[in-house]
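Read through the structure below, which is laid out as structure tokens, and then see the notes.
The values are calculated or read from the model by the stated rules, or taken from the named source; none is laboratory data. Computed from a prediction, not measured in an experiment: that's the story for all the values here. Reconstructed Cβ throughout: ideal geometry from the backbone, glycine too, with neighbour counts over all protein chains shown.
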Amino acid sequence: MYKQFKQRHKIIQKYSYFISNFGKKINKYKTLKTKGKQIKLTAPPLGAGGLPFMLQSAYTKDLIEVGVDEVGRGCLAGNVVASAVILPKDFTHDVLKDSKKIPKNLHQSLAQEIKDNALAWAIAEASPAEIDKYNILQATYLAMHRALDMLDIRPELILVDGNRFKPYDFTPHNCIVKGDNKFFAIAAASILAKAYRDAQMETLALEFPAYDWDKNVGYPTKNHKKAIAIHGFTQWHRLTFKST
């Protein structure tokens with residue numbers, strides 16, 4: 001069992017090298033060799049500047065992959081939210097990409113479409129109190145791990161948006177900078193987290209209208225910081241974050 005895991009991990013490492021060179025002109029790589037076998041790569045043809053011009057359905061051919069992303073790290077108020085999504089290997093979508101590049105009015109409908117088509121999905125969060133206790137980076141990892149804990153299917157490879165991740169349960173992972181604009185699973189996780197958190201902050205704005213959370217969703221806008229100066233902090237504010 002350990003030998004099999006070690007072999008699969010070596011394959012993942014080779015894929016990691018391949019994907020980390022996305023920005024270079026590496027069209028010549030069509031297959032990877034391991035133990036005398038050839039593995040067909042699923043990376044796209046490269047466009048201008050050597051960059052992929054479309055999101056990919058999968059990172060590997062046969063591993064169960066989960067995309068993970070978070071939203072709300074830079075906010076002064078509200079939870080940090082993470083999502084984990086496992087999509088079918090042949091999943092494609094004409095609109096889905098990084099949530100920051102999709103109009104807000106499409107987020108909720110896209111989120112429902114993702115839920116309807118995903119093999120498994122989960123959304124989890126870490127509270128402002130946990131952010132203040134552990135720091136925002138560790139709280140983000142906590143939210144990500146909670147989302148992974150909630151999945152009905154155990155992933156064999158974790159695809160994480162960004163450049164850092166805390167290892168989870170001996171499961172191999174790969175950090176992909178701007179991964180939500182390269183892989184559908186990460187983009188899907190981005191949308192679920194964003195749609196969930198935005199709705200949450202809009203609901204909280206009804207209770208705390210002075211802070212404009214229905215508009216800024218907790219980010220440090222001028223009006224948000226002005227409201228803090230006038231009205232003080234709420235239980236949803238992160239007290240360890242600078243507000244001015």
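A compact table of results
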item: Subset of the stretch 201-244 (residues that are crowded, with 20+ Cβ neighbours inside 10 Å and in a loop (DSSP other than H, G, I, E, B)); result: Val217, Gly218, Trp236, Arg238
item: Any pair with Cβ under 9 angstrom, 6 or more apart, that starts in the stretch 174-194 at a residue that is touching a residue at least 60 places away in the same chain (Cβ under 8 Å) and ends at one that is aromatic (Phe, Trp, Tyr) and assigned to a strand (DSSP E or B); result: Ile176/Phe183; Ala188/Trp121; Ala189/Trp121; Leu192/Trp121
item: Qualifying residue in the stretch 88-110 (condition: under 15 Å from the mean Cα position of the chain (by Cα) and at pLDDT 95 or above); result: no
item: Residues satisfying the stated conditions in the stretch 56-106, i.e. acidic (Asp, Glu) and surrounded by 20 or more Cβ atoms within 10 Å (Cβ to Cβ); result: Glu65, Asp69, Glu70
item: Condition check for Asp180: in a helix (DSSP H, G or I) and within 30 Å of Asp214 (Cβ to Cβ); result: yes
